[in-house]
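Okay, structure first, notes after.
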Amino acid sequence: MESGTVTRRGMLLGMAGLVGAVGAGSLLNLSSVAHAATDKDGTPVTSEEALAYLRAGNRRWRNGDIQQRDYTPSGKQLVNGQWPIAGVVSCADSRVNPENVFDVARGNLFNVRNAGNVAGDITIGSLEYAVAVLGIPLIVVLGHTACGAVKATQESVATGKMPGGDIDAIVNAIAPAVRALPAKHTLTQAISANAQQTTRQLIDGSAIIDAAVRAKKLLIREGVYDIATKRVTLLPV
Ligand SMILES: [Zn+2]
């Protein structure tokens with residue numbers, strides 16, 4: 001895994017120079033138009049504004065004041081493109097649906113979901129598209145309470161037994177975060193550590209994401225969604 005990361009990083013470091021030289025659209029050969037997130041007035045949405053929109057949306061969701069806010073720029077039709085204000089890496093858990101959790105309409109979040117909200121080539125590649133082509137200013141890595149994937153990893157690390165099948169890949173992805181904690185730790189601690197590990201891997205595994213963060217065009221924050229209270233608590237920076 002270590003050498004793969006280095007190889008990928010080396011390759012993308014070369015690509016990062018091209019992003020500046022010819023533009024992300026040309027680099028990825030997907031589109032010549034970067035769909036940077038803007039608000040209804042056409043003003044670019046900053047990282048902090050996007051985060052404030054999501055925090056306000058979560059407040060509405062947990063208070064039952066559901067409005068499904070839509071930040072798609074005026075005059076833009078979803079059939080002609082997408083203008084998400086944030087990327088969200090969240091668990092596949094059926095109780096964690098980002099559009100509900102942040103009370104926004106379809107078209108507003110670029111979602112990457114898998115059991116345990118882990119990073120990996122597919123997650124990173126998806127987000128590189130969202131950053132380089134769609135111009136998202138924010139990524140939220142969203143863990144959640146009672147996460148079965150993290151719990152299974154705790155058990156596997158403690159007992160040495162693997163669950164079997166390709167579930168092993170999920171456990172192997174989460175395990176380094178769990179092993180780095182003291183032997184006696186809580187599920188809450190493991191959930192936070194796993195979200196923080198995902199953020200590190202997004203940055204370390206992608207020259208495009210790393211460059212966007214360094215240029216302050218992209219903010220990455222981790223949060224934990226409490227299934228009981230519906231509240232998202234952001235982890236400290
Ligand atoms: Zn989960």
Which residues, taken from the stretch 180-237, are among the basic types (K, R) and under 18 Å from N117 (Cβ atoms)?
R200, R221, K230, R231
Within the stretch 190-227, residues surrounded by fewer than 22 Cβ atoms within 10 Å (Cβ to Cβ) and among the acidic types (D, E) come out as D204, D210, D226
Please work out if G4 is exposed (fewer than 11 other Cβ atoms within 10 Å of the Cβ), modelled with pLDDT under 70 and within 22 Å of the chain's Cα centre (by Cα).
yes
Identify all residues within the stretch 165-197 that are β-branched (V, I, T) and touching a helix residue (DSSP H, G or I) at 6+ places or on another chain (Cβ under 8 Å); write none if there are none.
I167, I170, V171, I174, V178, I191
Selection status of N97, free of Cβ contacts under 8 Å to residues at least 40 places away in the same chain and in contact with a helix residue (DSSP H, G or I) (Cβ under 9 Å, 6 or more places away or on another chain):
no
Is it the case, given these coordinates, that I203 is away from the ligand (no atom under 16 Å from the Cβ), in a helix (DSSP H, G or I) and not charged (D, E, K, R)?
yes
Selection status of R55, more than 16 Å from the ligand (Cβ to nearest atom), over 30 Å from I170 (Cα atoms) and of a type outside the set (V, I, T):
no
When the stretch 89-111 is checked residue by residue, the ones that are farther than 19 Å from A56 by Cα and surrounded by fewer than 22 Cβ atoms within 10 Å (Cβ to Cβ) are A92, D93, S94, R95
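The values are calculated or read from the model by the stated rules, or taken from the named source; none is laboratory data. Everything quoted here is computed from the prediction, not taken from an experiment. As a convention, Cβ positions derive from the backbone with ideal geometry for all residues, glycine included, and neighbour counts pool all protein chains shown.
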